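First the structure, in the form of structure tokens, and then the observations on it.
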Amino acid sequence: MIDRKELKAQARQILRETKPSAVWVTLMVTAALLIMQVLSLTLSGDLDAYRSMLESAMAGQLTYAVPSGTNNPIGWLLTIALDVMSLVLSVGYTLYILRLSRRKNPSFGDVFDAFGIFLRAVWISILRSVVVSLWSFIYALPASFLGVVMDPVLASVICLPLLAPMFMAAYSYRLAVFILLDERQYSCMQCLTLSRMAMQGRRLELFRLDLSFLGWMLLCVVPFVFLWVEPYMGVTSAKWYDKVMPPSSSKEIIP
């Protein structure tokens, strides 16, 4: 069993000592992702719908606004391009966090290094999302069926235990991006397979590590607190990954 308190203490020390501050790097990455998200929603024609739902929620009403969409092919292409850029930037931030956890002279420029493996960064993000989403059908199909014969909200609650396989899949492939960044000779499918093998018997341990941040996550309702929490959780997870998968250990178990 890996000592959670020790990992978190190491992460806090790293964040205190790192220059430039991980808070500023997280702020710049978050701002870039937010700008791309707003542009994507604007180009796709969905921004007005989201704004309307937000305004109704602020007024205490839960109203669903149907997205208008767009028939402009150029708009769709630009939307896809922005979404792809966001995926790669997120992988780049993971690379920054990994180098930060190992004290390998991390800098904001690390975020853009993922563009060196552009296609693989996109592909592994898509593959992982698809695999996890497929497991969600174990919940979605029964919930949809029961929603026809009873109250949809009650049907959703009754089927909640069926979400467990989806969460297990999410944890099984949690290390895939870390492995891709460390072992670039492996294909995306090999990284996913290796992550699943490495996580066997360790999913609950990682879940407990995540759960230990619950108080910090609740504090994220306070503006800008997440700028500290995000790298804190990220560095702790990267430290946990290094304990589970020390350098070159993947070469011993990769199929």
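What are the residues in segment 162-204 that are part of a helix (DSSP H, G or I) and among the small types (Gly, Ala, Ser), if any? It would help to see each step written out before you state the result.
Our first condition is that a residue be part of a helix (DSSP H, G or I); within segment 162-204, this holds for 162-172, 176-182, 188-198, 203-204.
The answer is 164, 169, 170, 172, 176, 195, 198.
Hey, could you check segment 200-232 for residues that are of a type in the set (A, V, I, L, M, F, W, C), open to solvent by 40 Å² or more (accessible area, probe 1.4 Å) and under 14 Å from residue 30 (Cβ atoms) and say which is nearest to the chain's Cα centre (by Cα)? Write out each step before concluding.
Just the residues of segment 200-232 that are of a type in the set (A, V, I, L, M, F, W, C), to begin with: 204, 206-207, 209, 211, 213-214, 216-222, 224-229.
So of that shortlist, the ones also open to solvent by 40 Å² or more (accessible area, probe 1.4 Å) come out as 204, 207, 211, 214, 216-222, 224, 226, 228.
When the remaining residues are screened for being under 14 Å from residue 30 (Cβ atoms), the result is 220, 224, 226, 228.
Numbers: 220: 16, 224: 19, 226: 14, 228: 16 Å.
Here the answer is 226.
Out of the residues in segment 137-156 that are open to solvent by 80 Å² or more (accessible area, probe 1.4 Å) and part of a helix (DSSP H, G or I), which is nearest to residue 126 (Cα to Cα)? Explain how you work it out, then say what you get.
Applying the first criterion (open to solvent by 80 Å² or more (accessible area, probe 1.4 Å)) to segment 137-156 yields 137, 141, 145, 148-149, 151, 153-154.
Next, from what is left, pick out any that are part of a helix (DSSP H, G or I): 137, 141, 145, 148-149, 153-154.
On the way: 137: 17, 141: 22, 145: 28, 148: 31, 149: 34, 153: 30, 154: 32 Å.
Among those residues, the one meeting the criterion is 137.
Do we have residue 239 as among the basic types (Lys, Arg), out of contact with any Phe, Trp or Tyr (no Cβ under 6 Å at 6 or more places or on another chain) and open to solvent by less than 70 Å² (accessible area, probe 1.4 Å) here?
It is true that residue 239 is among the basic types (Lys, Arg), out of contact with any Phe, Trp or Tyr (no Cβ under 6 Å at 6 or more places or on another chain) and open to solvent by less than 70 Å² (accessible area, probe 1.4 Å).
For residue 89, work out the one condition from (1) in a helix (DSSP H, G or I); (2) without any contact (Cβ under 8 Å) to a residue 24 or more places away in the chain it doesn't fulfil.
So residue 89 meets the others, but not (2).
Cβ-Cβ under 6 Å, sequence separation 6+ or interchain: first residue in segment 6-22 and open to solvent by less than 70 Å² (accessible area, probe 1.4 Å), partner of a type in the set (Val, Ile, Thr). Which pairs?
Close Cβ pairs (under 6 Å, with a partner that is of a type in the set (Val, Ile, Thr)) amount to 7/236; 8/236; 11/235; 11/236; 14/235.
The values are calculated or read from the model by the stated rules, or taken from the named source; none is laboratory data. It should be emphasised that the depicted structure is a prediction, and the values quoted were computed from it without experimental measurement. Reconstructed Cβ throughout: ideal geometry from the backbone, glycine too, with neighbour counts over all protein chains shown. Keep in mind that these areas ignore ligands, DNA and RNA; they rest on the heavy atoms of the full protein, side chains included. Shrake-Rupley method; radii C 1.70, N 1.55, O 1.52, S 1.80 Å.
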